[in-house]
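Below is one structure, written out as structure tokens, with a few remarks after it.
Read the figures in this text as sums done on the coordinates, not as results from a lab. Worth saying up front: this structure is predicted, and the values here are computed from it rather than measured. Here the Cβ positions follow ideal geometry from the backbone for every residue, glycine too, while neighbour counts run over all protein chains shown.
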Amino acid sequence: MPPIRHRLLSLAASLLLALPAWATAAELLAVAARPGSAAAATAFDGVVEALRQTVIAAQVPGAVVQLHAKVGDRVAAGQVLLRIDARAADQNAAASDAQVQAASAALELANKDFERQKQLFQKNYISQAALERAESEFKATQAQVTAQRAQSGAARTQSGFYVVRAPFAGVVAEVPVALGDMAMPGRALLTLYDPAALRVSAAVPQSVAAGLVAGALPRIELPGLPAADRWLLPLRLQVLPTVDPGTHTVQLRADLPAGQAGVAPGMFARLWLPVPGSSATAALTVPAASIVRRAEMTGLYVLDPAGRPVLRQVRLGRVEGDKVEILAGLMPGERVVADPQAAARAR
């Protein structure tokens, strides 16, 4: 009957379409998960820090009227970052300048009067007491002018606090204020750091710090960077002489080379320390091209005993060249599909 013949033809077509997939699965290029070379190094979690980082705070009260920097901006030393409303301060400075001018005029008058009194005293027209009184008035006026000038200078200095400038060239990391916000003395306005001077800081056990190889530098891993840029060699390693009494750890600081793109304070980092007698075991490694990333899942296509690819979730470790360390989810000797796209089609 035609309906039965139609169903048979459909079933045969389905079988024919399925055959290439199984043939492809059998021909998938697979590599065995093998232990990598066991290096005498141990990883310790750390964080990237800036050697020069400052929080610029307000010194005077007032509203923020101009904001010339935003997060991520590179600024030069002395560049204006923001301005605080300084109208009242400018008026006080102008008033102080006017008082200086008045005091200077009084000083000039007192000086002329003193000169006349000296001439009169030389001609015996006035007494010694009158001369001393004129001299005293001149010196008092002179001291008043000095005080007024100092007060005017303080007013001008106070007025300069309303313009916030960059203390050094760097990158703006944080701007916790906005236009119109009220700045108060001590309130943070901006955070600035120098990207040319960064380091990785990590806490290691005291026993590990004591056993470090003299002169040996650790390797720095920055997992947040691309695989080609995540491994660095520090310029120098500093071991702080103090020990944390609560955790019995020592702080290590490894200076990063200047000009590393994408590195910023707060990034996660690892210090791989050359520790003698390390008990680190050889880790399983697979080709980096075999890794499958889907949303928040990271996995591999592993061939089952029947030779079929099965997607399995794994946990990754460090990356070295074209190899990736597998921390969990894979056993030694298991076969991993080198081409995930081919495995997905073969399924």
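The stretch between Arg308 and Val163 holds 45.3 nm of extra length on full extension. This uses 0.36 nm per residue minus the Cα-Cα distance. A cut-off of 5 Å between modelled amide H atoms, ignoring neighbours fewer than 5 places along the same chain, links Asp181 with Val64. Packing around the peptides 78-87, 236-245, taken as the average count of other Cβ atoms within 10 Å per residue, puts them in this order, highest first: 78-87, 236-245.
Modelled spin labels at Asp322 and Ala288, positioned 7 Å past Cα toward Cβ, are 1.1 nm from each other. Between helix 2-26 and the chain, what is the angle of the helix's C-alpha long axis to the longest principal axis, kept within 0 to 90° and rounded to the nearest 10? Orientation of helix 2-26: about 60 degrees from the principal axis.
Label zone (Ala188, point 7 Å along Cα-to-C-beta; backbone nitrogen cut-off 13 Å) within region 58-84: 58. Tell me, how many Å apart are the Cα centres for region 50-71 and for region 249-264? After rounding, the separation between the Cα centres reads 25 Å. Rounded to the nearest 10 degrees, the angle from helix 87-122 to the longest Cα principal axis of the chain is 30 degrees.
Using only Cα atoms, find the angle between the long axis of helix 128-160 and the longest principal axis of the chain, and express it within 0 to 90 degrees, rounded to the nearest 10. Between the helix axis and the principal axis of the chain, the angle is about 20 degrees. Using the Cβ-Cβ distance between Arg149 and Asp181 with R0 = 45 Å, the FRET efficiency computed as 1/(1 + (r/R0)^6) comes to roughly 0.80. Spin-label pair Ala102-Leu131: with each label point 7 Å from Cα along the Cα-Cβ axis, the two points sit 3.4 nm from one another. The translational diffusion coefficient of region 87-158, from Stokes-Einstein at 37 °C and 0.692 mPa s with a Kirkwood hydrodynamic radius over alpha carbon pairs, comes to 244 µm²/s. For His68 and Ala261, a Förster radius of 30 Å and the Cβ-Cβ distance give a FRET efficiency of 0.75, rounded to the nearest 0.05.
Working note: Karplus 6.51/-1.76/1.60 with θ = phi - 60° gives region 302-316 the couplings 10, 7, 7, x, 7, x, 9, x, 10, 6, 10, 6, 9, 10, 8 Hz, where Gly and Pro are set to x.
Neighbours of Arg253, meaning other residues whose beta-carbon lies under 11 angstrom from its beta-carbon, give a summed charge of 0 when Lys and Arg score +1 and Asp and Glu score -1. The charge dipole of region 283-347, taken about its Cα centre with unit charges on the Cβ atoms of Lys, Arg (+1), Asp and Glu (-1) only, comes to about 220 debye.
A simple rule links phi to the HN-Hα coupling: the Karplus curve 6.51 cos²θ - 1.76 cosθ + 1.60 with θ = phi - 60°, which for region 327-332 gives 8, 7, x, 9, 10, x Hz, with x for Gly and Pro. Its relative contact order, with pairs defined as Cα atoms under 8 Å and 6+ residues apart, puts region 87-158 at 52 percent. Computed from label points 7 Å out along Cα-Cβ, the spacing between Arg236 and Ala140 is 6.3 nm.
Note that region 237-243 has calculated 3J(HN,Hα) couplings of 10, 10, 10, 5, x, 9, 10 Hz, one per residue in order, obtained from phi through the Karplus relation 6.51 cos²θ - 1.76 cosθ + 1.60 (θ = phi - 60°); glycine and proline are x.
Taking amide hydrogens as placed 1.01 Å from N in the peptide plane, the amide H of Val324 sits under 5 Å from those of Val286, Ala288, each at least 5 positions away in sequence or on another chain. Close amide H partners of Ala269, meaning residues 5 or more places away or on another chain with modelled amide H under 5 Å apart, are Gly46, Val47, Val48. A Cβ-based charge dipole, computed about the Cα centre of the chain with Lys and Arg at +1 and Asp and Glu at -1, lands at about 820 debye. Among Leu198, Leu327, the ranking by other beta carbons within 10 Å of each residue's beta carbon, starting with the fewest, stands as Leu327, Leu198.
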